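Q: Just dropping this structure here.
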């Protein structure tokens, strides 16, 4: 996969699918764990370009049980946090290399500070692109 950073403008919106367990509906708080890299996140946590996929399509592609929430960020906001979102395929998949499993293992304090910033920002009004939704199975 080739990283094409020049194709993401600062005002472009990217989406992150969040499992129900990482969201508190009563307070509309997105939990820190929604952004924690797993062992599968070898090259960074995943986002999706809104211009390439709707929030509903993103939920429908989930392999878990659901329900899911979808939150949105601008590329510029992520860059302001010191992150470098990169496109990894023609379908609009975006990864954040600074938030890989190995990066967190190497410097957990630094990465956890960024994850807290992401969760806090994701909890702000207007961040939810799609409320808790079950994936539609074909």
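Nothing in this text is a laboratory measurement; each read-out follows from the coordinates by a stated rule. Please read these numbers as outputs of a predicted model, since none were measured by experiment. Please note: Cβ atoms are built from the backbone with ideal geometry, for glycine as well, and neighbour counts cover all protein chains shown.
Q: How much mean residue ellipticity at 222 nm does the chain get from its helices, if each DSSP H run of length 4 or more adds -39500 (n - 2.57) and you divide by all residues, to the nearest 500 deg cm²/dmol?
A: Values: 4 runs with 33 residues, N = 138.
About -6500 deg cm²/dmol.
Q: What ranking of 16, 61 emerges when the number of other C-beta atoms within 10 Å of each C-beta is taken as an exposure proxy, fewest first? Intermediate values should be presented prior to the final figure.
A: Details: 16 23, 61 12.
In order of increasing Cβ crowding within 10 Å: 61, 16.
Q: Order by neighbour count: 74, 51, fewest other Cβ atoms within 10 Å first, most last. Spell out each step's value before the answer.
A: Working: 74 17, 51 11.
If I rank by nearby Cβ atoms, fewest first, I get 51, 74.
Q: Give me the number: length gained by fully extending residue 79 to residue 32, i.e. 0.36 nm times residue separation minus the C-alpha to C-alpha distance, one decimal in nm. Present the calculation step by step, with values, prior to reporting the outcome.
A: On the way: separation 47, 0.36 × 47 = 16.92 nm, distance 1.89 nm.
Roughly 15.0 nm would be gained on extension.
Q: Pairs of alpha-carbon atoms within less than 8 angstrom and 6+ residues apart define the contacts here; what relative contact order does the chain have, in percent? Kindly include the intermediate steps, with their values, before the conclusion.
A: Numbers: 259 pairs, mean separation 51.0, N = 138.
Across the chain, relative contact order equals 37 percent.
Q: Picking from 63, 120, 88, which is most flexible by a Gaussian network model of the chain using Cα springs under 10 Å?
A: Evaluated over the chain, the most mobile residue of the options is 63.
Q: Based only on other Cβ atoms within 10 Å, what is the fewest-to-most ordering of 95, 113, 29? Write down the numbers at each step before the final one.
A: Working: 95 22, 113 11, 29 14.
Listed from fewest to most nearby Cβ atoms, that is 113, 29, 95.
Q: Here's something else I'd like to know. Can you tell which of 100, 90, 123 shows the greatest fluctuation in a Gaussian network model of the chain with Cα springs below 10 Å?
A: Maximum fluctuation in the GNM of the chain, among the listed residues, is at 90.
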